[in-house]
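Novice: Before I ask anything, here is the structure I am working with.
Nothing in this text is a laboratory measurement; each read-out follows from the coordinates by a stated rule. None of the values given here were measured: they were computed from a predicted structure. Note: ideal-geometry Cβ built from the backbone for every residue, glycine included; neighbour counts use all protein chains shown.
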Amino acid sequence: MQAEQMKQGIDRLERSADEARNACQQSASVPADLKQCVMALHEQASACKHAAHGQGSASEESLRKDVQQLEETADRAMQACRNAGGGVDSRLREAIERAHREASSLKKEMMQAA
């Protein structure tokens with residue numbers, strides 16, 4: 001996977017995590033575990049984006065590990081969303097699903113390129 005494609009994928013993932021965080025903050029009743037997962041996802045995605053674009057950008061192996069961790073956090077957010085049942089705002093649910101898809105897709109692409 002080329003560095004520019006990886007950066008673009010990380011950017012998409014960070015935007016999706018940002019949308020989830022915003023939806024979480026705007027929703028009136030978000031279970032604590034779901035909120036914690038969404039905030040962790042956002043923090044990890046922001047750190048990954050910073051690492052990918054920073055001076056002396058992180059190695060591909062380091063970014064691959066970051067993306068794996070992001071996918072695991074997105075998995076936890078999806079599970080927390082399911083556990084919360086129908087009480088989760090549809091905008092939040094969709095944002096979490098989008099972030100999860102982005103993380104899974106990017107991880108798959110990076111693993112194939114390795």
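Novice: At 7 Å along the Cα-to-beta-carbon direction for both R82 and S59, put a label point, then send me their distance in nm to one decimal.
Specialist: 3.5
Novice: Rule-of-thumb check for the chain: C-alpha Rg over 2.2 N^0.38 Å? Walk me through the intermediate numbers first.
Specialist: Details: Rg = 13.9 Å, N = 114, 2.2 N^0.38 = 13.3 Å.
Output field value: 1.04.
Novice: Still on this model: Compute the acute angle (0 to 90°) between the alpha-carbon long axis of helix 90-113 and the principal axis of greatest extent of the alpha-carbon atoms of the chain; round to the nearest 10°.
Specialist: Result, in degrees: 20.
Novice: Turning to a different aspect of this structure: Rounding to the nearest 20 debye, state how big the charge dipole of the stretch 3-113 is about its Cα centre with +1 on each Lys and Arg Cβ and -1 on each Asp and Glu Cβ. Walk me through the numbers on the way to the answer.
Specialist: Values: 16 positive and 18 negative charges, 39 e Å.
For this selection, approximately 180 debye.
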